[in-house]
Amino acid sequence: VAGIDFGAIRGQFPILDQRVHGHPLIYLDSAATAQKPQCVIDAEAEFYERDNAAVHRGAHELAARSTVAFEHARAAVARLVGACADEGGEEIVVTSGATAGLNLLATAFGNASLGRGGAAAARFALRPGDEIVVSKAEHHSVLLPFQELAARTGATLKWFDLDDEGRIRADMADEVITERTRIVAVTHVANVTGAITDIAPIIRRAHAVGALVVLDACQSVPHLAVDFHAMDVDFAVWSAHKMYGPTGVGFLYGRRELLEALPPASFGGSMVELAWMDREARYMAPPARFEAGTQPVAQVVAAGRAAAWMMDIGMAAIEAHERLIAAELLRLGDIEGVRVLGPRDNAGRIGTVAFDVQGVHPHDVGQFLDAQGIAIRVGHHCAQPVHRHFGLYASNRASSGVYNTVDDAAALVEAVAKVRPFFRV
Ligand code: PMP
């Protein structure tokens, strides 16, 4: 990619400078979790070394500095995803990760269904016969909270089917999404197939019938330029640890007017304006209303640093760089007995390539590669329905990050070509 030294960027990741089983580490498991650049590691350490205090409380200097750092980070994250950053990023709620963000939404919708949150929250309430739409490509952390919400409210769970290459059948939007649909929760980029969902027709149809769109952006925010305002999504979730930030923290985006109407999902300190013994509490405005308890402040600060670092490189450049790696990874499909589970062409996908090696269990493939210092993911990747779609229980998955090189991908392809001969299948 012109003008950007991706070799120098790779050099910012101390963990990559090591040998595993005598071989230089080749890390191709960024879809599970990404490695952290030195500046992110430093941001977390420096926060603890200089500023550490509880935020939004306390009249002392450290509390003030911590609050500024926390809100500055929130604003950086808002800028990364095209959310409102101007007035303190009210559209960005801190969570402990994407899973927590999805459970927050499902719980809040469930609370609204019980009549909580007053008239303003009625738009989130579900009744028997209402429909929630997901897809067969969903991570369990989308499928299960919304399946549970359907069971609790009497709503019906429906889903988008997938095509032969595992893409969500967005062309079915008019059939799958009906006048009874209230919520559509789908992935922006699938964590097994790497396919980018053709999201525009789904959002258009959802809004035409008055349904809310929840986007799982776990695998898009780290790899693509996303703009939730331009996409016109209602809610989105993702995790910091996949975007070069720390574990234990994630974000929920919600359109401002929706967050203002949404009832809280968890309760405690720092989310309430007035609390009494004998009267109902009055909750704070978003995002605080959804951030009960002490937040992972150091991790949020470091996640903000990660967001700024990604924007410094430029999401278009990251996307272009990883497209080169994806092209090389897709050569896996040329190996005899190896099947790519996802789009074979490099348009409409990211550098996450799942594959099956005929006759060899994924755990054996993973160990064979690990012995050569190559880290990939094996198993069902928390997405069993998509594996069933391909007639499998588990698969192997290589996934790129900004630090990977085409040589990393080529080394993987070369090693995978030796798997079946090694296991004599
Ligand atoms: N959705 C997708 C598409 C994912 O890849 C992941 C992470 N495996 C999640 C949701 C859940 O993220 P987390 O485990 O960080 O909460």
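Here are the numbers for this structure:
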read-out	value
Local electrostatic count at His207 - Lys and Arg +1, Asp and Glu -1, tallied over other residues with Cβ under 10 Å	0
Distant-in-sequence amide H partners of Val209 (H built 1.01 Å from N, under 5 Å)	none
Neighbour count of at most 13 Cβ within 10 Å plus DSSP loop: longest GluC sites (Glu not before Pro)-free window in the chain	180-279
Cβ-based exposure ranking for Arg255, Arg123, in which fewest neighbours within 10 Å come first	Arg123, Arg255
Positive-end extreme of charge dipole, the chain - chosen from His140, Thr352, Phe47 (charges on Cβ)	His140
Options Ala298, Val249, Met315, ranked by Cα towards positive dipole end of the chain, top entry (Cβ charges)	Val249
Neighbour-count order for Ser400, Ser141, fewest beta carbons within 10 angstrom listed first	Ser141, Ser400
Residues Ala208 and Asn346, FRET efficiency given R0 of 35 Å [Cβ-Cβ distance, rounded to 0.05]	0.65
Relative contact order for the stretch 108-208, counting Cα pairs under 8 Å that sit 6 or more residues apart, in percent	27
Residue among Ala265, Ala347, Ala195 with the largest mean-square fluctuation in a Gaussian network model of the chain, springs linking Cα atoms under 10 Å	Ala347
Taking the chain and dividing mean pair separation by its residue count, relative contact order in percent (alpha carbons under 8 Å, at least six apart)	22
Percentage relative contact order, the stretch 196-253, counting C-alpha pairs under 8 Å, at least six apart	28
Cross-link partners of Lys158 among aspartates and glutamates (Cα-Cα below 16 Å; sequence separation of 8 or more within a chain)	Asp130, Glu131, Glu138, Glu148, Asp171, Asp174, Glu175, Glu179
Label point at Gln358 placed 7 Å out along Cα→Cβ; residues across the stretch 376-412 whose backbone nitrogen lies under 20 Å	387-397
Neighbour cut-off at most 16 other Cβ (10 Å), DSSP loop, trypsin sites (Lys or Arg not before Pro), the stretch 311-397	Arg344
Cα-based convex hull volume of the chain per residue, rounded to whole Å³	142
Highest-fluctuation residue, Phe47, Phe146, Phe355 considered, GNM on the chain with Cα pairs under 10 Å	Phe47
Inter-label distance, nm, simple model (7 Å from Cα along the C-beta direction), Arg57/Glu260	2.8
About the Cα centre, charge dipole magnitude for the stretch 45-311 (Lys/Arg +1, Asp/Glu -1 at Cβ), debye	460
Computed label-point distance, nm, for sites Ala45 and Arg424 using a 7 Å Cα→Cβ extension	5.0
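Laboratory data are not the source of any read-out in this text; all were calculated from the coordinates shown. This structure is a prediction, so every number in the text was calculated from the model and none was measured. Glycine gets a Cβ as well: all are built from the backbone with ideal geometry, and neighbour counts include every protein chain shown.
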